[in-house]
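Data block below; observations after.
The values are calculated or read from the model by the stated rules, or taken from the named source; none is laboratory data. Just so it is clear, the structure is predicted and the values come from calculations on it, not from any experiment. Glycine also receives a Cβ, built like all others from the backbone with ideal geometry; neighbour counts cover every protein chain displayed. Areas reflect the complete protein model, heavy atoms only, side chains present, ligands, DNA and RNA absent. Shrake-Rupley method; radii C 1.70, N 1.55, O 1.52, S 1.80 Å.
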There are 2 protein chains.
Amino acid sequence: MKKTYSEENYLKAIYHLGKSDNKVSPKAIADALENNPASVIDMLKKLQDKDLISYDKVQGAILSRSGEMAALDIIRKHRLWEVFLVEKLQYGWDEVHDIAEQLEHIHDEQLAKKLDDFLGNPSFDPHGDPIPAQNGKMPVYASKRLSEADENQMCKVGSVRDTSTPFLKYLKQLKVGLGSRIRVIEKMEFDQSMIISIDEGEPKTVSSKMTDNILVILD
Amino acid sequence: MKKTYSEENYLKAIYHLGKSDNKVSPKAIADALENNPASVIDMLKKLQDKDLISYDKVQGAILSRSGEMAALDIIRKHRLWEVFLVEKLQYGWDEVHDIAEQLEHIHDEQLAKKLDDFLGNPSFDPHGDPIPAQNGKMPVYASKRLSEADENQMCKVGSVRDTSTPFLKYLKQLKVGLGSRIRVIEKMEFDQSMIISIDEGEPKTVSSKMTDNILVILD
DNA sequence: ATATAAAATTAGACATGACTAATTTATGTA
DNA sequence: TACATAAATTAGTCATGTCTAATTTTATAT
Ligand SMILES: [Mn+2]
Ligand SMILES: [Mn+2]
Ligand SMILES: [Mn+2]
Ligand SMILES: [Mn+2]
């Protein structure tokens with residue numbers, strides 16, 4: 001069922017508000033969308049009729065399964081477009097939100113996938129927010145940088161903080177990808193460069209610029 | 001003055017219909033937009049109030065200066081996005097029109113320029129239609145391929161039929177750009193390769209694949 | 001427990017951009 | 001010229017998504 005621009009914005013707002021544990025009230029939604037509680041209630045009724053949410057005064061608005069999938073799809077597109085605007089069109093990270101707010105509503109079956117591939121399947125947007133996968137799964141948030149790992153620590157690559165072509169090319173050459181297992185062999189005091197083993201391969205030296213831009217999950 | 005999605009579509013339709021010499025009637029617009037003549041007349045009144053067109057029964061709809069600039073801006077964005085979808089996202093040329101129909105309505109001051117630069121300032125879209133410049137000027141339609149020029153012919157590069165990165169890189173290396181002056185020194189019967197002089201420089205040999213993808217204006 | 005304030009809801013209105021049906025105007029043909 | 005058809009226009013309706021104002025419900029504080 002094709003959703004309107006407006007319905008999509010409501011679903012997204014309800015999703016975001018639902019992440020904090022407060023109940024999602026008409027007032028909260030109205031504040032988020034900078035409109036009127038009366039308008040919100042009108043829309044909540046429509047969304048409930050379409051089984052995208054359930055709403056009652058006590059529980060507030062709660063996304064249904066299909067409503068949540070729709071919200072995640074919009075968020076995915078929003079964040080992918082933000083990556084595009086920053087990485088490819090050279091916008092500043094602070095300039096892209098309003099444009100992505102428009103681009104997220106472009107409808108096409110193949111578009112998100114093709115854009116995702118073109119961008120090198122980034123896990124995070126330019127503001128560090130995770131980009132949901134097609135199935136709605138959020139990437140595991142790898143909160144530690146490789147540069148913060150201790151000597152002899154084993155870890156797994158969770159995401160990259162830089163999705164520029166040169167960096168991605170460099171990683172490809174090193175055979176580092178999402179899920180690669182990295183062991184820290186030695187950390188140089190002097191310049192913070194590291195000697196690491198990638199998937200138990202031969203030791204390689206990498207700069208702090210590299211290790212600062214790799215986010216890992218420690219074992 | 002910000003235009004609505006709908007106003008933009010009307011302006012574009014009026015522009016295209018105005019290119020053929022028939023008068024732009026409500027019926028013609030209704031056919032183009034697949035809607036109703038009554039709806040069209042409603043909108044023509046609104047567009048006239050905003051000084052984007054003039055309309056009367058005798059002359060039909062005629063774009064004002066600002067109306068034409070607005071139409072050209074939409075067409076520019078439509079065609080740039082089509083180039084993006086084909087060249088960067090690997091869509092087929094037959095799949096992109098409907099998506100561009102949505103993308104053309106994204107509003108941002110800098111977007112068209114940045115997209116244009118990112119794409120290497122293409123002159124034509126994937127269907128061969130010319131892409132208006134920011135000032136509304138259509139590129140001179142260079143209808144001859146360099147491969148069709150005769151020996152000793154002097155000509156000027158008008159556009160490229162291929163805007164892929166490898167081709168553009170190759171042209172950069174040869175120092176061939178829009179406006180470059182090319183003299184055909186010799187054409188090889190055998191494989192249609194050519195010896196040419198670029199801006200009166202030293203002779204260089206180029207393949208028929210190259211000369212087929214350069215459109216020129218003959219002197 | 002009662003007064004007060006905040007939130008939710010209802011009722012009614014409005015702008016936009018579409019539609020249908022009826023009417024008027026123009027065109028074309030016998 | 002008179003009839004038939006097509007195009008343009010008007011009038012009235014509708015769906016969407018918004019608003020304001022009034023009312024009801026809920027929460028908070030004395
Ligand atoms: Mn954003
Ligand atoms: Mn949005
Ligand atoms: Mn097109
Ligand atoms: Mn359009």
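Where the only charges are on Cβ atoms (+1 Lys, Arg; -1 Asp, Glu), what is the dipole of the range A:81-133 about its Cα centre, to the nearest 20 debye?
240 debye
Considering only the label points, 7 Å along Cα→Cβ from Cα, what distances in nm to one decimal separate A:Asp42 from the same position in each other copy, shortest first?
1.7
Taking the Cβ-Cβ separation of A:Ile185 and A:Asn135 as r and a Förster radius of 51 Å, what is the calculated FRET efficiency to the nearest 0.05?
According to the calculation, E is roughly 0.90.
When the distances between all Cα atoms of the range A:180-219 are binned every 10 Å from zero, what whole-number percent does each bin get?
Going out from 0 Å in 10 Å bins, the range A:180-219 shows 30, 61, 9 percent.
Kindly give the semi-axes, whole Å and largest first, of the ellipsoid equivalent to the range B:18-78, taking each as the square root of 5 times a Cα gyration tensor eigenvalue.
Taking √(5λ) for each Cα gyration eigenvalue gives 18, 14, 12 Å.
Ignoring ligands, DNA and RNA, what accessible area per residue does the range A:136-219 give at 1.4 Å, in Å²?
Working: 4940 Å² over 84 residues.
Each residue of the range A:136-219 exposes 59 Å² on average to a 1.4 Å probe.
Whenever you get a sec, line up B:Arg79, A:Arg76, B:Arg161, B:Arg65 from highest to lowest accessible area (probe 1.4 Å, protein heavy atoms).
Reading off the accessible areas and sorting them downward yields B:Arg65, B:Arg161, B:Arg79, A:Arg76.
Expressed as a whole percent, how much of the Cα-Cα distance distribution for the range B:38-125 exceeds 18 Å? Present the calculation step by step, with values, prior to reporting the outcome.
Numbers: 2059 of 3828 pairs.
Considering the range B:38-125, 54 percent of its Cα-Cα pairs are separated by more than 18 Å.
Treating only the Cβ atoms of Lys and Arg (+1) and Asp and Glu (-1) as charged, compute the dipole magnitude of the range A:45-111 about its Cα centre; round to the nearest 20 debye.
Magnitude of the dipole: close to 340 debye.
Can you tell me which of A:Leu85, A:Leu119, A:Leu171 moves the most in a GNM of chain A? Springs connect C-alpha atoms under 10 Å apart.
Of the options given, A:Leu171 has the highest mean-square fluctuation.
Only Cα pairs under 8 Å and at least 6 apart count here; give the relative contact order of chain B as a rounded whole percent. Before the final figure, lay out the partial values.
On the way: 332 pairs, mean separation 32.3, N = 219.
15 percent.
So what's the range A:141-219 giving for Rg/Rh, alpha carbon basis, Kirkwood Rh from the mean inverse pair distance?
Answer for the range A:141-219: 0.91.
Tally the DSSP beta bridges in chain B and give the antiparallel ones as a percent, rounded to 5.
95 percent
Once you sort the root eigenvalues of the Cα gyration tensor of the protein assembly as shown as a ≥ b ≥ c, which label holds: rounded (a/c under 1.5), prolate (a/b larger than b/c) or oblate (the other case)?
Cα axes put the protein assembly as shown in the oblate bin.
Could you work out the relative contact order of the range B:1-82? I mean the mean sequence separation of Cα pairs under 8 Å and 6+ apart, divided by the number of residues, in percent.
Reported as a whole number, the value is 31 percent.
Defining the label point at 7 Å along Cα→Cβ, can you sort the distances from A:Asn22 to the same site in each other copy, shortest first, in nm?
The projected label point of A:Asn22 is separated from its counterparts by 5.9 nm.
Given the options A:Tyr55, A:Tyr170, A:Tyr15, state which has the largest fluctuation in a GNM of chain A using a 10 Å cut-off (strictly under) for Cα springs.
So, out of A:Tyr55, A:Tyr170, A:Tyr15, the one fluctuating most is A:Tyr170.
Pairs A:Lys77/A:Lys187; B:Lys114/B:Lys187; B:Lys50/B:Lys137; B:Lys19/B:Lys113; B:Lys2/B:Lys137: which exceed 30 Å Cα-Cα?
Over 30 Å Cα-Cα: A:Lys77/A:Lys187; B:Lys114/B:Lys187.
Between the label point of B:Lys114 and that of the same position in each other copy, find the distances and list them shortest first in nm, with every label point placed 7 Å from Cα along the Cα-to-C-beta direction.
In ascending order, 2.1 nm.
Given the alpha-carbon gyration tensor of the range A:83-219, what are the semi-axes of its equivalent ellipsoid in whole angstrom, ordered largest first, with each equal to the square root of 5 times an eigenvalue? Walk me through the numbers before you get to the answer.
Details: eigenvalues 184, 47, 33 Å².
Working through the eigenvalues yields semi-axes of 30, 15, 13 Å.
If the cut-off is a Cα-Cα distance under 12 Å, which aspartates and glutamates reach B:Lys45, setting aside same-chain residues fewer than 8 apart in sequence?
B:Glu7, B:Asp56
Using alpha carbons only, how many degrees (0 to 90, rounded to 10) separate the axis of helix A:165-174 from the longest principal axis of chain A?
Result, in degrees: 50.
About the Cα centre of chain B, what is the dipole size in debye to 20, counting +1 per Lys and Arg Cβ and -1 per Asp and Glu Cβ, all else neutral?
540 debye
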